[in-house]
Structure formats: C-alpha cells, structure tokens
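Structure, as structure tokens:
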Amino acid sequence: MFNSLSDRLTATFKNLRGKGRLSEADVDATVREIRRALLEADVAVPVVREFTAVIKERALGSEVSEALNPGQQVVKIVNEELQNVLGGATRRINLAKSGPTVIMLAGLQGAGKTTLAGKLGKWLTDQGHKPVLVASDLQRPNAVTQLQVVGRRAGVPVFAPEPGATSEFDDPTGDPVKVARDGVDFARSKLYDVVIVDTAGRLGIDQALMNQARDIRDAVDPDEVLFVIDAMIGQDAVNTAKAFDEGVDFTGVVLSKLDGDARGGAALSVRAVTGKPIMFASTGEGVDDFEQFHPDRMASRILD
Ligand code: GDP
C-alpha cells in the first residue's frame with residue numbers, strides 16, 4: 001500500500017538532504033514533485049492543490065529557513081500535513097451509553113462490507129464485547145448466506161431472516177428495514193452489546209439504494225454509520241463518498257483492500273472531502289486482516 005507514493009516522496013526528499021539553505025527554486029521543485037506524486041497516487045485534485053499550497057507556505061517560512069537542517073524540516077512539515085489530511089487524531093468507535101451499540105455498514109456492492117462485518121465482529125469480541133451481525137442485505141440472493149459464512153468464520157452469531165420459520169424474529173417479508181429493527185430488538189433481548197447491520201450495496205450509486213439505507217438508518221438510529229470504500233477505486237472515491245455522505249450522513253470511513261496495489265489516493269481524499277474520519281483499514285480477505293486507522297502511523301508509513 002502506498003508503495004509508489006512512498007517511493008516518490010522519499011526520492012524527492014533525497015534531493016533536499018544535506019542542503020544548508022533552501023532557495024525558493026528548491027522549494028518549488030520539491031512542491032512540484034510532491035504534487036506529481038499525489039496526483040499519480042489518485043489523490044483528488046482539490047485536495048492536492050490545498051495540500052501543496054500549505055506545504056509551500058510552510059516550507060518558505062521561518063521554521064525552515066531557521067532550521068539547522070532545512071531538508072529535514074520540510075520532511076517533518078510534510079509528515080504533519082499528511083497526518084492532518086488523514087484526520088489528525090485516531091477516532092475511536094463510539095459506544096452507546098446504554099443498550100446495544102448499533103453500527104451500520106454502507107457502501108457500494110463489492111466494497112467489502114460483509115467481510116468487514118466479520119472482521120469488526122471478531123475485533124469487538126477480542127475486546128470483550130458480545131456482538132451480533134444482522135443481515136439486512138436482502139438484495140443479492142446469497143448475501144444472507146455469505147454473512148452467515150463470515151459470521152461462522154469470525155465466531156460471531158448472525159441474525160438473519162428465515163422465510164417460513166416460526167420464531168417471533170423471523171421475517172418472511174424480505175423487508176431489510178424490518179430485519180434491521182428486529183435485529184436490534186433481538187440483540188437487546190439476548191443481551192448482545194453491539195449490533196453490526198450489513199446493508200445492501202449496488203454497483204453504482206442509486207437512489208433506491210440510498211433511500212433504503214436511509215430508512216434503515218432512521219429505523220435503528222445507529223451510533224456509528226461506517227462507509228466502507230474500496231481503496232482501489234481511485235478518483236471515483238470522492239464522488240462515491242460525497243454521494244454516501246449526502247445519502248446516509250455516515251460517521252466514519254473504513255478503507256478496504258489496502259493490501260492490494262491501491263495507490264492510496266482514496267485514503268488521502270475521502271477525509272479531506274467529507275470531513276469524516278477514517279476509522280479502520282481492511283487489509284485482506286482474512287478475518288484478522290483489519291486494523292484501527294491511526295493517521296500519525298499512516299503518515300509515517302508513507303514517508304518511511
Ligand atoms: P460487499 O458487497 O460490500 O459486502 O463486499 P464483500 O465483503 O462481499 O467483498 C467483496 C470482495 O472483496 C470479496 O471477494 C472479499 O473477499 C474481498 N475483500 C473484502 N475486503 C478485502 C480486503 O481488505 N482486501 C482484499 N484483498 N479483499 C477484500
């Protein structure tokens with residue numbers, strides 16, 4: 001992840017090493033290289049513009065001209081600004097003060113929501129919580145079965161509609177909003193303390209999907225709405241994130257597939273464009289390929 005961005009920035013900073021003073025031309029050349037590296041990494045254009053403007057301003061200021069090692073000071077500035085773009089402080093999950101914490105997942109089909117439900121469930125279990133997954137994706141024929149497989153692998157129970165069954169919670173109507181609501185009631189009655197609601201995605205943004213997600217949101221009043229986004233989608237990340245932000249007003253972002261050859265642009269753009277924090281990163285298909293997102297560590301990783 002971020003390999004080529006990281007390589008490009010490292011190469012850029014090499015040119016600054018050992019320079020006693022930085023001329024305006026040095027700063028310009030560096031900022032130009034940073035701009036090119038970010039654009040190649042698919043960072044959204046307005047984000048690149050803003051980012052490089054701040055770097056330039058700071059690099060021409062006294063904190064660099066008066067530094068013993070100006071080159072090193074520029075790297076430090078880029079590190080700080082990267083950390084800012086990535087969200088500043090680590091944003092931890094918001095737990096309900098009473099009753100079960102409800103976490104709703106939203107995103108395009110294939111973004112990694114169902115996989116994430118298992119990872120998040122396992123992660124919460126490891127921390128002493130008692131989560132349950134709720135199958136509110138009734139759009140794809142095998143989505144419920146897929147969540148059940150994921151739940152089994154993660155060791156987390158799944159609340160799912162079972163047509164024709166007789167429990168008070170079974171729902172033969174196929175209404176995802178009702179399943180979500182029933183799932184939360186089920187969790188409350190069985191003393192599960194976290195409910196993770198998987199919702200349907202489409203291949204593209206569509207109004208019916210967004211309305212359904214909003215109806216689920218209104219029905220279960222979640223403590224967190226996590227927008228799951230495939231880090232590989234590059235420049236599309238911004239429009240997708242904006243549409244979901246308007247649609248469901250999510251509270252946090254999960255970047256998935258950061259293990260692939262994602263160039264990292266989504267990570268650097270989504271937070272800047274929506275103002276919503278990146279909370280988790282998914283880094284593989286396995287149930288443990290998942291970590292909390294720490295902007296400071298990620299910035300250092302990029303500049304390593
Ligand atoms: P959903 O449609 O949003 O529920 O997406 P899924 O959870 O079904 O994931 C779609 C595909 O992406 C599946 O084949 C997953 O195994 C895969 N996937 C999900 N998360 C990751 C990840 O972090 N890394 C990789 N490499 N694959 C992932």
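The values are calculated or read from the model by the stated rules, or taken from the named source; none is laboratory data. Just so you know, these numbers come straight off a predicted model, no measurement behind them. Cβ atoms come from the backbone with ideal geometry, glycine included; neighbour counts cover every protein chain shown. Areas reflect the complete protein model, heavy atoms only, side chains present, ligands, DNA and RNA absent. Shrake-Rupley method; radii C 1.70, N 1.55, O 1.52, S 1.80 Å.
Summary of values
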| quantity | calculated |
| --- | --- |
| Gaussian network model of the chain, Cα within-10 Å springs - most flexible of Asp245, Asp230, Asp198 | Asp245 |
| Cα gyration tensor shape for the range 86-241, rounded if a/c is under 1.5, else prolate or oblate | oblate |
| Residue order for Glu40, Glu224, Glu57 - accessible surface, 1.4 angstrom probe, largest first | Glu57, Glu40, Glu224 |
| Whole-Å distance, taken between Cα centres, linking the range 34-50 and the range 70-88 | 15 |
| The range 209-304: mean projected area of Cα convex hull, nm² | 6.6 |
| Mean accessible surface per residue for the range 84-203, computed with a 1.4 Å probe while every protein chain stays in place, in Å² | 44 |
| Overall dimensions of the range 168-234 as given by Cα atoms, namely Rg and Dmax in Å | 13.6, 45 |
| Kirkwood hydrodynamic radius of the chain, Cα pairs, Å | 20.4 |
| Computed lengthening from Asp259 to Gln127, 0.36 nm per intervening residue step minus Cα-Cα distance | 45.1 nm |
| For the range 7-140, the fraction of alpha-carbon pairs in successive 5 Å shells from zero, as % | 2, 8, 15, 15, 11, 9, 8, 9, 9, 8, 5, 2, 0 |
| Nearest-0.05 FRET efficiency for Gln235 and Ser65, computed from C-beta distance (R0 35 Å) | 0.45 |
| Where Rh is the Kirkwood radius over Cα pairs, Rg/Rh for the range 215-265 | 1.04 |
| Estimated FRET transfer efficiency when R0 is 35 angstrom, pair Lys190-Asp249 (beta carbons, to 0.05) | 0.75 |
| Antiparallel bridge percentage (DSSP; both residues within the chain; nearest 5) | 10 |
| Rounded accessible area per residue of the range 239-304, 1.4 Å, Å² | 37 |
| Gain on full stretching of the segment that runs from Arg92 to Lys76 - 0.36 nm per residue minus C-alpha separation | 3.2 nm |
| Computed lengthening from Arg153 to Arg17, 0.36 nm per intervening residue step minus Cα-Cα distance | 44.0 nm |
| Whether the range 18-91 is rounded, prolate or oblate, judged on the alpha carbon gyration tensor where a/c under 1.5 counts as rounded | oblate |
| Local electrostatic count, Ala143, Cβ distance below 13 Å [Lys/Arg +1, Asp/Glu -1] | +1 |
| Carbon plus sulfur fraction of accessible area for the range 70-164, probe 1.4 Å, in percent | 48 |
